[in-house]
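The values are calculated or read from the model by the stated rules, or taken from the named source; none is laboratory data. Because the structure is predicted, anything quoted here is derived from the model rather than measured. Note: ideal-geometry Cβ built from the backbone for every residue, glycine included; neighbour counts use all protein chains shown. Ligands, DNA and RNA are stripped out before the accessible areas are found, and what is left, the full protein with its side chains, is counted by its heavy atoms. Shrake-Rupley method; radii C 1.70, N 1.55, O 1.52, S 1.80 Å.
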Amino acid sequence: MRKLAFLLGLVPCCVLSHAQTANPPTFDNQVVRIFQNNCQNCHHPGDIAPFSLMDYASARPWAASIRDQVLTHTMPPWKPSQGANVFLGARVMAQTDINTVVAWVNAGSPEGDPADLPASLNFPNGWDLGQPDLVLQPSQAFAVYAVGDDIYRCYSLPTNLPADTHVNAIQVRPGDPSVVHHVVLYSDSLGQSVALDAADRSEEHTSELQSLRH
């Protein structure tokens, strides 16, 4: 089997129990474990998330925003509707975990006892699933000249595989995770992406010239 890889708020109310308010959860005991299970795969240094949730000092300034994001189910990001729980491995935080995070923030986001901390997760800046069988990358990098509205850039990446091949897994590795916030992948059996790639390269060249003039 081959693995392919591409380089490249209204807030609803939450009812808390007396036990939660009397003995609020702490980061070191309960909350960091929730972050490990739901958030840290993106929220660690060097990855796509804008801040780290690996330790208390990094997470504490974002506490109120974290509460709002989990209450509205904006985070963890997951677009499909679960319906009858048809998706395995869905990035959906359990309601008990949401309640714990809310209780922690509402109690002032206490740090707790460092002795309660679990072993830290390790996120090597490489291939999460091991070295892939095939790596595809664009022939040239795309430079982002300014921060603003989303920019969609089309790449045509031929696999050149000699036969139909089963894809077991795909990992996308942006050259600069700070400017890439999502990737949409399509199978292009008709080669239509070649023209889209060429058109984007032409527009890129024009934008670069305008930037140099300014």
**Item:** Pairs where the first residue, in the stretch 109-121, is modelled with pLDDT of 95 or more and the second is open to solvent by 80 Å² or more (accessible area, probe 1.4 Å), C-beta under 7 Å, 6+ apart
**Value:** Ser109/Arg60; Pro118/Arg33
**Message:** Give me the residue from the stretch 128-139 that is assigned to a loop (DSSP other than H, G, I, E, B) and open to solvent by less than 50 Å² (accessible area, probe 1.4 Å) and, out of that set, farthest from Val167 (Cα to Cα).
**Reply:** Pro138
**Prompt:** Pick from the stretch 1-45 the residues that are at pLDDT 50 or above and hydroxyl-bearing (Ser, Thr, Tyr): which of them is nearest to Tyr56 (Cα to Cα)?
**Reply:** Thr26
**Prompt:** Which one of the conditions (1) within 16 Å of Asn122 (Cα to Cα); (2) in contact with a Phe, Trp or Tyr (Cβ under 9 Å, 6 or more places away or on another chain); (3) surrounded by 14 or more Cβ atoms within 10 Å (Cβ to Cβ) does Cys42 fail to meet, given that it meets all the rest?
**Reply:** (2)
**Request:** Could you check Arg173 against (1) more than 21 Å from Cys42 (Cα to Cα); (2) under 19 Å from the mean Cα position of the chain (by Cα); (3) open to solvent by less than 90 Å² (accessible area, probe 1.4 Å) and say which number it fails?
**Result:** (1)
**Prompt:** So which residues in the stretch 124-138 are modelled with pLDDT under 85 and of a type in the set (D, E, K, R), if there are any at all?
**Reply:** Asp128
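Suppose we keep only residues that are among the β-branched types (Val, Ile, Thr) and within 22 Å of Leu121 (Cβ to Cβ) within the stretch 52-104. Which one would you say is surrounded by the fewest Cβ atoms within 10 Å (Cβ to Cβ)? Full working, then the answer.
Of the stretch 52-104, the ones among the β-branched types (Val, Ile, Thr) are 66, 70, 72, 74, 86, 92, 96, 98, 100-102.
Checking which are within 22 Å of Leu121 (Cβ to Cβ) leaves us with 66, 70, 92, 96, 98, 100-101.
Working: Ile66: 24, Val70: 24, Val92: 15, Thr96: 8, Ile98: 18, Thr100: 22, Val101: 25.
Among residues in the stretch 52-104 that are among the β-branched types (Val, Ile, Thr) and within 22 Å of Leu121 (Cβ to Cβ), the one surrounded by the fewest Cβ atoms within 10 Å (Cβ to Cβ) is Thr96.
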**Message:** Considering only residues that are open to solvent by 90 Å² or more (accessible area, probe 1.4 Å) and assigned to a loop (DSSP other than H, G, I, E, B), which ones fall in the stretch 183-196?
**Reply:** Tyr186, Ser187, Ser189, Leu190, Gln192
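Quick check on this structure: which one of Ala141, Ala146, Ala169, Ala163 is closer than 25 Å to Ala49 by Cα and modelled with pLDDT of 85 or more? Show your work before the answer.
Values: Ala141 fails: modelled with pLDDT of 85 or more; Ala146 fails: modelled with pLDDT of 85 or more; Ala163 fails: closer than 25 Å to Ala49 by Cα.
None of the others qualify; the one that does is Ala169.
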**Message:** Could you check the stretch 29-48 and list, in sequence order, the residues that are at negative phi and part of a loop (DSSP other than H, G, I, E, B)?
**Reply:** Cys39, Gln40, Asn41, Cys42, His43, His44, Pro45, Asp47, Ile48
**Request:** Scan the stretch 87-103 and give yes if some residue there is at pLDDT below 90, part of a loop (DSSP other than H, G, I, E, B) and in contact with a Ser or Thr (Cβ under 8 Å, 6 or more places away or on another chain), otherwise no.
**Result:** no
